[in-house]
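The values are calculated or read from the model by the stated rules, or taken from the named source; none is laboratory data. All of these numbers come straight from a predicted model, not from anything done at the bench. So basically every Cβ, Gly included, is an ideal-geometry build from the backbone, and we count neighbours across all protein chains shown.
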Amino acid sequence: MSPPDVLLILLAAFPLLVLVAAVKDAATYTIPNWISLALLATFIPAAGVAWLAQVPWSVLAISAGVGFAALLAGMAMFAFGWIGGGDAKLLAASALWLGLPGLAPFLFWTALAGGGLAMLLLVARYHGVQFLGPNAPSWLARLFGRKADVPYGVAIAFGALMAFPYGALATGVVLPF
């Protein structure tokens, strides 16, 4: 197997893990640490294979810097109570994978999705959960409860998926999609 083929396999971990994070956050208002750790753990071999596939080491080093800066920004937002701790870690792990080329699209799509999600939940919560019916799953009733938070991991995951094709590792190879 050539390095670009191995990299494609490793790249598949990113969308899978951010989708799992979005589902977990919507259902439980938590993003387990293992998801962010798995994103970090899969980035390391993916970066090594990307380097073998002729992605410059400087691009990978800048990606590490972007991920660290996103971790600091996420910690600040967590300290101000704007996002949860899992959101901050998911933001940093996603930024690590996307690097500088994917950062602007990531932030744009995350902000747009976060605003849209907040507006959707405000409308749904204002009108109550009566449209769900008595047999609705408890997590869905909790999501549409009037006092519930916004599961921002959903917006982060959406932004990460939208920015993925522009990311530092994804642009290092020719993606088949």
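Values computed for the structure shown
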read-out: Counted residues, segment 21-37 - those being farther than 13 Å from residue 94 by Cβ and of a type in the set (Val, Ile, Thr); value: 3
read-out: Residue 19 being more than 20 Å from residue 140 (Cα to Cα) and of a type outside the set (Ser, Thr, Tyr); value: no
read-out: Filter result for the condition that a residue is surrounded by 15 or more Cβ atoms within 10 Å (Cβ to Cβ) and under 20 Å from residue 154 (Cα atoms), over 71, 16, 10; value: 71
read-out: Filtered residues of segment 126-144 (kept if modelled with pLDDT of 70 or more, assigned to a loop (DSSP other than H, G, I, E, B) and touching a helix residue (DSSP H, G or I) at 6+ places or on another chain (Cβ under 7 Å)); value: 144
read-out: Selection count where residues are buried (at least 17 other Cβ atoms within 10 Å of the Cβ) and at pLDDT 95 or above, scope segment 78-89; value: 5
read-out: Lone qualifier among 59, 55 - being among the β-branched types (Val, Ile, Thr), modelled with pLDDT under 95 and either assigned to a loop (DSSP other than H, G, I, E, B) or over 19 Å from residue 169 (Cβ atoms) (or both); value: 55
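Condition check ((1) touching a strand residue (DSSP E or B) at 6+ places or on another chain (Cβ under 7 Å); (2) within 17 Å of residue 166 (Cα to Cα); (3) touching a residue at least 24 places away in the same chain (Cβ under 8 Å)) across all residues:
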{"position": "77", "(1), (2), (3)": "no, no, no"}
{"position": "80", "(1), (2), (3)": "no, no, no"}
{"position": "84", "(1), (2), (3)": "no, no, yes"}
{"position": "92", "(1), (2), (3)": "no, yes, yes"}
{"position": "99", "(1), (2), (3)": "no, yes, yes"}
{"position": "102", "(1), (2), (3)": "no, yes, yes"}
